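Peer 1: The structure that follows is given in the form of structure tokens.
The values are calculated or read from the model by the stated rules, or taken from the named source; none is laboratory data. Small disclaimer: the values here were computed from a predicted structure and weren't measured. Don't worry about glycine lacking a Cβ; one is built from the backbone with ideal geometry, like all the others, and counts go over all protein chains shown.
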Amino acid sequence: MTETEAKELFDQIDTDRDGQINIVELANHFKREGHQGKLKEKVKAALEADANHDRVIDFNEFQQMVK
């Protein structure tokens, strides 16, 4: 995924436009994409990208996650 593609996806998920993806935004994204079956596991796995453990994913963390 290119940096431009990653930024576009990040911006789609970051619905409140605060520059961070929180748990609610992440869960809503997975629901919209039809990944409701194992939602808890998917959110937990995605939050492993939260390098500084602040319970949100910034763009740098997101880039590492989607590599």
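Results for (1) among the hydroxyl-bearing types (S, T, Y); (2) within 10 Å of the chain's Cα centre (by Cα); (3) at pLDDT 95 or above, shown as yes or no for each residue.
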site	(1), (2), (3)
T2	yes, no, no
K7	no, no, yes
F10	no, yes, yes
D16	no, no, yes
Q36	no, no, no
E41	no, no, no
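Peer 1: Tally up the residues in region 26-67 that are within 16 Å of I13 (Cα to Cα) and either part of a loop (DSSP other than H, G, I, E, B) or among the hydroxyl-bearing types (S, T, Y) (or both), please.
Peer 2: The number of residues fulfilling the criteria is 8.
Peer 1: I've got another one for you. Go through region 1-26 and give me each residue that's hydroxyl-bearing (S, T, Y) and loosely packed, with under 13 Cβ neighbours inside 10 Å.
Peer 2: Just the residues of region 1-26 that are hydroxyl-bearing (S, T, Y), to begin with: 2, 4, 15.
Answer for region 1-26, where residues must be hydroxyl-bearing (S, T, Y) and loosely packed, with under 13 Cβ neighbours inside 10 Å: T2, T4.
Peer 1: Just the residues that are part of a helix (DSSP H, G or I) and of a type in the set (V, I, T), please, taken from region 1-25.
Peer 2: We begin by selecting, within region 1-25, every residue part of a helix (DSSP H, G or I); these are 3-13, 23-25.
If the condition is that a residue be part of a helix (DSSP H, G or I) and of a type in the set (V, I, T), then T4, I13, I23, V24 are the ones that fit.
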